[in-house]
Each structure stands twice: as C-alpha cells, then as structure tokens.
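Visitor: One structure, pasted below without further comment.
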Amino acid sequence: MDINDILQIIVSPTTAAFALAAIGLNFHYGLTGLLNMGQAGFMLIGMYGYAITISQGGSMWLGILISFVGAILFALFLGWPTLRLRGDYLAIVTIAAAEMVRLIGRSQWLKEWTGGNTGLRGNQFKGPFENLSPFQPARIVEIGPFSFHTTIWWLMLVGWVAVAVAAALFWRLNKSPWGRVLKGVREDEDAVRSLGKSVYSFKMQALIIGGVLGAAGGVIWAHGNAVQPDSMGRVTTFWIWTMLLLGGAATVLGPILGSVLFWAMFVFIKQLAPLVLPNLAPQQIEPLALAFVGIGLILLIVFRPQGILGDKREISLNV
C-alpha cells in the first residue's frame, strides 16, 4: 500500500475543489437549512461558463465572471419557485435542475459549444491560467512525499487559497447579524418572519452565495481534469453531502475536513480492496470503494449525526 498516494490526494486540486463546493453547501444546509440536492449542477455551470468562454476566445477573467453570473442566475431560477415553500420542494427541484444541466451539456444541439458527451478538452481552456504560473519551467517538483507537475502545484496553491478565503467568508458571515438571521430561518422561520425579516430574501442570498462557491469549485476541478458532463452526475452531489456531514455541518472547518477524509478513505479503500479480495476485477474496485464510503456515512449518521466537528444542536431543521 502506497501512503504517498493518500497524502497526495489529501492536498490535490480535486480535494480543494470539492472542499469549496462543500463550503457552498454549508451555506445552504448548515447555515440556512436548505436541502439543496443539486450542488453538482452549480459545479457544472461554473465549469461550462468558464471553459466555453475561453474556448470561444474570451479571457480567463471574463470566464470566471461568466461562471459566477451563471451560478447566480441558476440560483435565481431554482429559488424563485421554491423558496417560498416549506419542506423538500427545493431538494426535488435541485435534483432535476442539476440533471437538466448535465443533459444539456451532453446534447448534440450545443455540441459546438459544450463538446457534447465528450465535453471540452483541457487544452481548449487551461492555457490562460497556466500561463500565469510563477513556477517555470514546466517540470516535476518533489517536496517531501509530494510530487507534482509545476502546473499542478500552481493549481493547488490557487485552489487552497480559494478554500481558505471561502472558509474565512463563512466564519465572518456566520458570526454576523446576517448569519444569525439565517440560523433563525433554519430553526424557526415563522419566528424570523414575525420579526419583520424577509425569509425569502435571506434564503435566496444564501442560495446564491453557496452556488457561486460551488461554481468556483467546478472551475478548480475542471483545471485539474477536463469538462465532461457525466463527471458531475447525481452521485457527485451525494459525495459533497457526505463530505459536509462527515466533517460537520454549520462548522467552519467541517467541509474541509470532510473533503480531505472522504478522498483519503476513498484512495485507502481502493488500495486495500485488491489485497483483501485478490480476485476482484479492476473495474469493480471503485464501486466497492464507494460502497464502503457509503456504509461509513450510514454509521456516521447513526452514531454521530453532527459529524466529527459538529454540534448536534446545529442540525435541527424546521421543515
């Protein structure tokens, strides 16, 4: 078993990207109690908005702006018909909307823009970001147990700085009067409404902020991989929920810890499975690893529903 693989996935851009998306979901669920089951849709919006802009000749900064504006419009599209309602309406709509984004990305009628079911290759949009890298020339650099190409070091630096900024934003807003209103909405929105606050407006603000962070995670993820619609299917949202619940909802560091532990466990189980089950086919290893991660989540919900860092009082919802 190679411990270096586990250490490298812990600091990888993939972990940083999902930590950003989980922090966004923390605004939705941890702070406000919104059951967003389509965070993968926000990631796809960010990926496509950024990659299409650059592949069509736009600048990197314009691509970032369009990805964020796309996430805002997507949040407004989701929230307008659902946030005035109670219960699981948002969950139902977000599942369907995220699938709609994925299927539109796969469709042939937009293939010239989205690449269809094959998506957009990295060389179509990664250049402007990689050209900003201070790590030149391009080569493999080893620092202790970590060995990455200089472009990955650059992406990791930007990704984890973005995670730190998002965590600081959550901490600051969580302690602010705005954050206290959101926690009031989570626990008893009728009481908040009786104080003259617009519950709908506060929910929409939280949905937009969390969606923009999800889009930012999508941009980071795309730079470490490519833009392919099926890479952000329904299961991706449940991965993000697993990370949030594992680390602890409504906490500053919970989504980050959850993302790190999720990917570390995933790689660990993938390495352990062939040793325990030598007759296992290679294509069966990843589904088995995900199954064990799912079992771990079930046990966590049963024995510690607040997560590793969470407070059980913070997960009460008025639904």
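Visitor: Residues of segment 253-265 being surrounded by fewer than 19 Cβ atoms within 10 Å (Cβ to Cβ) and either among the aromatic types (Phe, Trp, Tyr) or over 22 Å from VAL235 (Cβ atoms) (or both), which ones?
Guide: LEU253
Visitor: Any idea which of (1) surrounded by 23 or more Cβ atoms within 10 Å (Cβ to Cβ); (2) under 30 Å from PRO128 (Cα atoms); (3) among the aliphatic types (A, V, I, L, M) is the one ILE208 doesn't satisfy?
Guide: Against the list (1) surrounded by 23 or more Cβ atoms within 10 Å (Cβ to Cβ); (2) under 30 Å from PRO128 (Cα atoms); (3) among the aliphatic types (A, V, I, L, M), ILE208 comes up short only on (1).
Visitor: Among the numbered criteria (1) within 19 Å of ILE10 (Cα to Cα); (2) not in a helix (DSSP H, G or I), which single criterion is violated by VAL267?
Guide: Unmet condition: (2).
Visitor: Would you mind stating whether ILE152 is among the hydrophobic types (A, V, I, L, M, F, W, C), modelled with pLDDT of 90 or more and farther than 30 Å from MET100 by Cβ?
Guide: When the stated conditions are applied, ILE152 passes them.
Visitor: Can you tell me which residues in segment 110-155 are out of contact with any helix residue (DSSP H, G or I) (no Cβ under 8 Å at 6 or more places or on another chain), hydrophobic (A, V, I, L, M, F, W, C) and surrounded by 12 or more Cβ atoms within 10 Å (Cβ to Cβ)?
Guide: TRP153, the sole residue that qualifies.
Visitor: When you scan segment 1-20, how many residues do you find that are assigned to a helix (DSSP H, G or I) and touching a Gly at 6+ places or on another chain (Cβ under 9 Å)?
Guide: Looking only at segment 1-20, we keep the residues that are assigned to a helix (DSSP H, G or I), and these are 3-10, 13-20.
Now restrict to residues that are touching a Gly at 6+ places or on another chain (Cβ under 9 Å): 7, 13-20.
The total comes to 9.
Visitor: Report every pair of residues separated by at least 6 positions or lying on different chains whose Cβ atoms are under 9 Å apart, first residue within segment 119-140 and farther than 20 Å from GLN8 by Cα, second at pLDDT 90 or above and basic (Lys, Arg).
Guide: Close Cβ pairs (under 9 Å, with a partner that is at pLDDT 90 or above and basic (Lys, Arg)) amount to GLY119/ARG106.
Visitor: Next question, about the same structure. Out of segment 272-287, which residues are surrounded by fewer than 16 Cβ atoms within 10 Å (Cβ to Cβ), of a type in the set (A, V, I, L, M) and free of Cβ contacts under 8 Å to residues at least 60 places away in the same chain?
Guide: Result: VAL276, LEU277, LEU280, ALA281.
Visitor: Would you say VAL302 is part of a helix (DSSP H, G or I), β-branched (Val, Ile, Thr) and at pLDDT 80 or above?
Guide: Yes; evaluated as a whole, the condition is true for this residue.
Visitor: So, in segment 65-108, exactly how many residues are in contact (Cβ under 8 Å) with a residue 60 or more places away in the chain, touching a Gly at 6+ places or on another chain (Cβ under 7 Å) and small (Gly, Ala, Ser)?
Guide: Summing the residues that are in contact (Cβ under 8 Å) with a residue 60 or more places away in the chain, touching a Gly at 6+ places or on another chain (Cβ under 7 Å) and small (Gly, Ala, Ser) in segment 65-108 gives 5.
The values are calculated or read from the model by the stated rules, or taken from the named source; none is laboratory data. Since this is a predicted model, take the numbers as computed values, not measurements. As a convention, Cβ positions derive from the backbone with ideal geometry for all residues, glycine included, and neighbour counts pool all protein chains shown.
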